[in-house]
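The values are calculated or read from the model by the stated rules, or taken from the named source; none is laboratory data. Keep in mind that this is a model prediction, so the values were computed, not measured. In this analysis, Cβ positions are derived from the backbone assuming ideal geometry, glycine residues included, and neighbour counts consider all displayed protein chains.
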Amino acid sequence: DSSRPRQIIVVSDDKGIVYLTNSLGAKAMSPAEFLHEEQKPRPKKQYTKRRAEPLKIELSYQQQEEINRELRRIWQ
């Protein structure tokens with residue numbers, strides 16, 4: 001039982017298994033189709049660089065003062 005049956009491929013010539021596979025939302029293919037698919041060159045995936053969104057950190061005045069005191073203590 002899969003949460004994403006569309007990502008499953010069942011390779012079989014058995015009509016009962018093919019019917020059951022399709023009824024459950026997965027893909028079925030014959031061994032000949034599978035072998036033909038495996039021989040095709042796969043296109044390379046193109047990745048795009050995503051820019052990271054700047055973090056928005058909101059500190060209270062008290063938190064800011066606490067950080068400043070700690071930094072002063074460390075750097076003095």
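Overview of values
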quantity: Selection from the range 5-32 of residues that are modelled with pLDDT of 90 or more, assigned to a helix (DSSP H, G or I) and surrounded by 11 or more Cβ atoms within 10 Å (Cβ to Cβ); calculated: 17, 18, 19, 20, 21, 22
quantity: Scan of the range 57-76 for residues that are of a type outside the set (D, E, K, R) and in a helix (DSSP H, G or I), ordered by number; calculated: 61, 62, 63, 64, 67, 68, 71, 74, 75
quantity: Qualifying positions in the range 18-76 - closer than 19 Å to residue 6 by Cα and among the aliphatic types (A, V, I, L, M); calculated: 18, 20, 24, 26, 28, 29
quantity: Restricting the range 33-75 to residues that are hydrophobic (A, V, I, L, M, F, W, C) and surrounded by 10 or more Cβ atoms within 10 Å (Cβ to Cβ), the residue that is nearest to the chain's Cα centre (by Cα); calculated: 34
